[in-house]
2 protein chains.
Amino acid sequence: MLNNFKRIPAHIGVIPDGNRRWAVGQKMNKGDGYHYGIAPGFQLYDLCLDIGVKELTLYGFTTDNTKRPADQKEAFQKACVDAVMGLTKRDAELLVLGNTKSPSFPQELLPFTERVRFGDGRLKVNFLVNYGWEWDLRQKDGIASADISRIDLVIRWGGRMRLSGFLPVQSVYADIYVLDELWPDFLPEQLYKAIEWYQSQDITLGG
Amino acid sequence: MLNNFKRIPAHIGVIPDGNRRWAVGQKMNKGDGYHYGIAPGFQLYDLCLDIGVKELTLYGFTTDNTKRPADQKEAFQKACVDAVMGLTKRDAELLVLGNTKSPSFPQELLPFTERVRFGDGRLKVNFLVNYGWEWDLRQKDGIASADISRIDLVIRWGGRMRLSGFLPVQSVYADIYVLDELWPDFLPEQLYKAIEWYQSQDITLGG
């Protein structure tokens, strides 16, 4: 597909939902789905670079998610670590944001909790890891996510029409597009469909 | 339609958008649309009582909206005052929430900025008037909307798929349903359609 969008969202937020449902559909254990969500993330990164998106925020896992069974928890923690490590080999200005003071935060990711530039740093990538919306909003000096800009377009996979605590402040004016497809079934067409839809949304910011 | 929903949202948030587009479609001035949004609000109130909803929050106008032309601003201020006055004649536990320290806040509504019970107070009704999400979140002692509970279902009229700053904290886990119809064209079927859709959404709260 030719990239001839007139209106490019500067900042896309991604809620990559449906990994567990996908695994069940493949007759795997629920937690096995997360591994299959890593490659789609890199594909998405490549496409965003190509389209001219400036910032990309990925919903890794939340403090609420950590209440899930231990094998699932370990699986999504590992998937996030693998994804972040993959980004360090690409052209990204990377920020991992989440509650580092809880044992659920993978220690391997501590070096990336201040923004670090890799390669030519062509895309700002924010990865939410052990993130909680209450934790984000209830900091002493403003919000924890102050270094993340306003989001133009939130794309959610897996059919649920909700934000599930995803960056409440940055998402206040975001247009939200929901795809029924499960995240491990990611295809470029799905991203194009969301950006195509975004072309017809007007920006008002309440004015 | 018989009301035989199994899963009733305890708290519905309503974004009654499309008043200006409706007025243009009727060859009226943009601001004239707001007046025609009042009667649908009372109809919605009656239906929510009937269905068994416990709390209803209506998006009146925001501090951002007050940047619109003066005639429109006066029109939506008046519509909000008329709507709130109408609610004082019904069975509602009414709370008007918004920034009372700005001149855009209608003085007539000051008596309702602490929750007041009218009639049998059968439905909690929150009316956001001169509300701003930043104002809400940036209070010294927590949030300004602390007396408003978590929202289960947000219904937005007018086709836009976004929250537009509507109660970011209470909406974190809300299911969001968007109707293409413009708010002054409200029909009971539209509310039923939203609640019907809500039946098939699972609650996970991130777990």
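Take the residues in region B:22-65 that are in contact with a strand residue (DSSP E or B) (Cβ under 7 Å, 6 or more places away or on another chain) and within 14 Å of chain A (Cβ to nearest Cβ); name whichever of them is surrounded by the fewest Cβ atoms within 10 Å (Cβ to Cβ). Restricting to residues being in contact with a strand residue (DSSP E or B) (Cβ under 7 Å, 6 or more places away or on another chain) and within 14 Å of chain A (Cβ to nearest Cβ), the top hit is B:63.
Being within 12 Å of another protein chain (Cβ to nearest Cβ), in contact (Cβ under 8 Å) with a residue 24 or more places away in the chain and assigned to a helix (DSSP H, G or I) is the requirement here; does residue A:173 meet it? No, not satisfied. Quick one: would you say residue A:143 is at the interface with another protein chain (Cβ under 9 Å from one of its Cβ atoms), assigned to a loop (DSSP other than H, G, I, E, B) and either without any contact (Cβ under 8 Å) to a residue 60 or more places away in the chain or not acidic (Asp, Glu) (or both)? Yes: the conditions hold for residue A:143.
Give region B:176-202 a look and list any residue that's more than 8 Å from chain A (Cβ to nearest Cβ), outside any helix (DSSP H, G or I) and in contact (Cβ under 8 Å) with a residue 24 or more places away in the chain, or say none. Passing the criteria: B:179, B:181, B:182, B:186. Scanning region B:159-170 for residues that are in contact (Cβ under 8 Å) with a residue 24 or more places away in the chain and within 8 Å of chain A (Cβ to nearest Cβ) yields B:160, B:163, B:164, B:165, B:168, B:169.
For region A:133-147, taking the residues that are open to solvent by 10 Å² or more (accessible area, probe 1.4 Å) and in contact with a strand residue (DSSP E or B) (Cβ under 7 Å, 6 or more places away or on another chain), the one that is nearest to residue A:84 (Cα to Cα) is identified as A:147. Restricting to region A:104-140, and then to whatever is touching a helix residue (DSSP H, G or I) at 6+ places or on another chain (Cβ under 8 Å) and assigned to a loop (DSSP other than H, G, I, E, B), can you tell me which residue is modelled with the lowest pLDDT? Result: A:122. Which of the residues that make up region A:1-21 are in contact with a strand residue (DSSP E or B) (Cβ under 9 Å, 6 or more places away or on another chain) and either at pLDDT below 95 or surrounded by fewer than 16 Cβ atoms within 10 Å (Cβ to Cβ) (or both)? Selection gives A:10 alone. Taken over region B:104-117, the criterion of being more than 14 Å from chain A (Cβ to nearest Cβ) and open to solvent by less than 40 Å² (accessible area, probe 1.4 Å) is satisfied by B:105, B:106, B:109, B:112.
Of all residues in region B:168-207, those satisfying the criterion of being closer than 24 Å to residue A:166 by Cβ, loosely packed, with under 14 Cβ neighbours inside 10 Å and aliphatic (A, V, I, L, M) are B:203, B:205. Looking at this structure, is residue A:95 outside any helix (DSSP H, G or I), surrounded by 14 or more Cβ atoms within 10 Å (Cβ to Cβ), among the aliphatic types (A, V, I, L, M) and within 12 Å of the chain's Cα centre (by Cα)? So residue A:95 fits the description; yes. Taking residue B:149 as the residue in question, decide whether it is touching a His at 6+ places or on another chain (Cβ under 6 Å) and assigned to a loop (DSSP other than H, G, I, E, B). Here the answer is yes, as residue B:149 does meet what is asked.
The values are calculated or read from the model by the stated rules, or taken from the named source; none is laboratory data. Predicted model, so just to flag it, every value in this text is computed and none were measured. Glycine gets a Cβ as well: all are built from the backbone with ideal geometry, and neighbour counts include every protein chain shown. Note: areas computed on protein heavy atoms with side chains; ligands, DNA, RNA excluded. Shrake-Rupley method; radii C 1.70, N 1.55, O 1.52, S 1.80 Å.
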